[in-house]
Amino acid sequence: MNITAETVVTHVDFAKNIKEEKGFVLFDFSYEEELAHVRVKDDLSIIEVKCRTMSKELEEGFEQEITEKLTGLA
């Protein structure tokens, strides 16, 4: 599956500042009242979540949620 900015717009509610850059889709997302910066490889092989105040457990839950939304499983 090839992820694009359009895929994020279609599948991820509340995604903001969506852009494509060098094989990645970058966007911001509000999760558990925290703002996270997300970097997704266009083939979903890499999903990175950056949030200074988010616990590791929340990051892992967020990564799973994003993967499900982008692959249409949610």
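When the range 14-61 is limited to residues that are aliphatic (A, V, I, L, M) and in a loop (DSSP other than H, G, I, E, B), the one that is least open to solvent (accessible area, probe 1.4 Å) turns out to be M54.
Of all residues being more than 20 Å from G72 (Cβ to Cβ) and of a type in the set (D, E, K, R) in the range 5-38, which is modelled with the lowest pLDDT? Just the residue, please. Applying the filter and picking the extreme gives E32.
Checked against (1) surrounded by 12 or more Cβ atoms within 10 Å (Cβ to Cβ); (2) modelled with pLDDT under 90, N2 passes all but condition (1). Does the range 45-59 hold any residues that are modelled with pLDDT of 85 or more and more than 20 Å from I3 (Cα to Cα), and which are they? Listed by number, the list holds a single entry, E57. Restricting the first member to the range 18-30 and to residues that are in contact (Cβ under 8 Å) with a residue 24 or more places away in the chain and over 11 Å from V40 (Cα atoms), and the second to residues that are aromatic (F, W, Y) and loosely packed, with under 15 Cβ neighbours inside 10 Å, the beta-carbon pairs closer than 7 Å and six or more apart or on different chains are F29/F14.
The values are calculated or read from the model by the stated rules, or taken from the named source; none is laboratory data. Please read these numbers as outputs of a predicted model, since none were measured by experiment. When we count neighbours, we look across all protein chains shown, and the Cβ atoms used for this are built from the backbone with ideal geometry, even at glycine. The area values use the complete protein model at the heavy-atom level, side chains included, leaving out ligands, DNA and RNA. Shrake-Rupley method; radii C 1.70, N 1.55, O 1.52, S 1.80 Å.
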